[in-house]
Each structure stands twice: as C-alpha cells, then as structure tokens.
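First the structure, in the form of structure tokens, and then the observations on it.
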Amino acid sequence: KGLYDALRNPAGGRRPGFAERAAAGLALVADAAAGLVWTKRPHAVKMSLSRSRQWIESLNRIRYGGIATWRLPTAEEAATLLRPPSAETAHFLADPFVADAAAVWTADRLSESESWVVDFQAGSLRPARARARLATWMVSSEPASAP
C-alpha cells in the first residue's frame with residue numbers, strides 16, 4: 001500500500017495529513033485521511049502485550065481524553081507512523097509524534113505467543129514475543145471531544 005518500511009519497502013512513504021489537537025488535557029494527533037486519532041506519544045511504561053490491553057481497557061472505562069474506544073493499532077495503521085529518516089533526524093517516526101520508545105505493540109498477532117510490533121529504531125515491522133516489555137501506543141476511530 002505504499003507504506004514505508006526500511007526493510008520491505010524503502011521507496012514507500014505515505015504521508016498522511018497529521019494535525020495536532022488537544023482533548024481533555026491530552027495531546028492528540030489526528031489523521032484525517034485514515035479517520036484516526038492517536039495519542040501524541042506512547043505510554044512511557046513498557047508492558048507485555050496482555051498488560052497493554054488491560055491498561056487500554058482501564059483508560060476506556062474512564063474515557064481518557066474524552067475517548068472510550070482506545071485500542072492498539074493494526075500493523076498497517078502503526079506503519080503509517082514510519083517515514084524515512086531525514087538529515088536532521090535519525091529516527092523513523094513521522095512528525096509531529098514524539099517517541100522515546102524503540103518499539104510499540106500492534107493488535108496483529110503472528111501466533112499465540114508472538115505479535116507484530118513497529119520498531120522505530122529500525123524503521124520496520126518485526127515480530128516480538130507477547131511477554132516482551134514494549135511501549136503501548138493507542139489509536140481510536142472516535143473523534144475526541146473538545147475540552
């Protein structure tokens with residue numbers, strides 16, 4: 001689909017129109033082309049895949065940022081955040097996102113014990129054991145309410 005991946009499609013580079021916004025004090029990034037709302041940065045605490053899912057469920061119960069449908073992104077959705085590095089930056093993360101995380105979970109599984117993750121240091125999708133401790137980035141198709 002033309003998405004960038006340093007290993008599989010280095011010539012790719014879909015550049016969605018990301019727009020920063022805020023809702024209930026939370027920094028968000030909207031991708032109008034895909035109809036998605038992202039948190040601007042992943043959660044700083046690294047967790048296993050099951051713990052990540054539990055954490056997101058708890059945030060949905062309290063309507064974190066005015067949204068009750070947070071979830072892990074699909075591998076394809078998460079890949080839209082990858083972009084070729086520039087002369088100014090060595091990372092593979094699209095602007096205006098902020099990430100200190102090397103890799104983040106996706107909702108797509110390879111098996112009971114492995115899932116796809118997006119690796120922002122390598123600029124690619126890769127498998128990871130579900131017990132690994134990685135960052136969690138949330139996405140929703142629900143528009144955020146204005147504060």
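How would Thr74, Thr106 line up by accessible area, probe 1.4 Å, largest first?
Values: Thr74 45, Thr106 0 Å².
From most accessible down to least: Thr74, Thr106.
What is the range 48-121 by shape, rounded, prolate or oblate, if you read a ≥ b ≥ c off the alpha carbon gyration tensor as root eigenvalues and call it rounded for a/c under 1.5, prolate for a/b larger than b/c, and oblate otherwise?
The shape class here is oblate.
Under a plain spin-label model, where a point goes 7 Å from the Cα along Cα-to-Cβ, how far apart in nm are Glu112 and Arg131?
Once both label points are built, they end up 1.4 nm from each other.
Under a 5 Å amide H to amide H cut-off, with H placed in plane at 1.01 Å, what residues pair with Thr106 once short-range neighbours are removed?
Counting only residues 5 or more places away or on other chains, the set is Trp116, Val118.
First check a/c for the chain, with a ≥ b ≥ c the square roots of the eigenvalues of its C-alpha gyration tensor; if it is under 1.5, answer rounded, and if not, answer prolate when a/b is larger than b/c or oblate otherwise.
oblate
As a test of the formula, what do you get for the chain when each DSSP H run with n ≥ 4 contributes -39,500 (n - 2.57) and the sum is divided by the residue count, at 222 nm and rounded to the nearest 500 deg cm²/dmol?
Mean residue ellipticity, 222 nm, calculated: -3500 deg cm²/dmol.
Between the range 70-87 and the range 101-127, how many Å separate their Cα centres?
Measuring centre to centre over Cα atoms gives 11 Å.
Rounded to the nearest 20 debye, what is the charge dipole size of the range 41-91 about its Cα centre when +1 sits on each Lys and Arg Cβ and -1 on each Asp and Glu Cβ?
280
Lys/Arg Cβ at +1, Asp/Glu Cβ at -1, dipole of the range 65-111 taken about the Cα centre: which of Ile67, Thr80, Leu93 is farthest positive-ward?
Ile67
Using unit Cβ charges (K, R positive; D, E negative) and no other charged atoms, how large, in debye to the nearest 20, is the dipole of the chain about its Cα centre?
Working: 19 positive and 14 negative charges, 67 e Å.
Result for the chain is approximately 320 debye, rounded to the nearest 20.
Using only the heavy atoms of the protein chains and a 1.4 Å probe, how would Glu20, Glu77 rank by accessible area, largest first?
Reading off the accessible areas and sorting them downward yields Glu20, Glu77.
Taking θ as phi - 60°, what are the ³J(HN,Hα) couplings along the range 50-66 by the Karplus curve (6.51, -1.76, 1.60), each to the nearest whole Hz, with x for Gly and Pro?
5, 5, 4, 5, 4, 4, 5, 4, 5, 5, 5, 5, 9, 6, 3, x, x
GNM on the chain, C-alpha springs below 10 Å: top fluctuator among Ser48, Ser113, Ser86?
The residue with the greatest mean-square fluctuation here is Ser86.
For the range 3-147, what proportion of DSSP beta bridges, expressed in % and rounded to the nearest 5, is antiparallel?
95
Over the range 35-147, with every protein chain in place, what whole percent of the accessible area is carbon and sulfur at 1.4 Å, could you tell me?
Here it works out to 54 percent.
When the chain is treated as a GNM, springs tying every alpha-carbon pair under 10 Å, which of Arg61, Arg53, Arg21 comes out with the largest mean-square fluctuation?
Of the options given, Arg61 has the highest mean-square fluctuation.
Identify which of Gly17, Gly66, Gly123 has the largest mean-square fluctuation in a Gaussian network model of the chain, with springs joining Cα atoms closer than 10 Å.
Gly17
The values are calculated or read from the model by the stated rules, or taken from the named source; none is laboratory data. Note that the coordinates shown come from a computational prediction; the quantities given were computed from them, not determined experimentally. Here the Cβ is made from the backbone with ideal geometry for all residues, glycine too, and neighbour counts use every protein chain on show. The accessibility values were calculated without ligands, DNA or RNA, using every heavy atom of the protein model including side chains. Shrake-Rupley method; radii C 1.70, N 1.55, O 1.52, S 1.80 Å.
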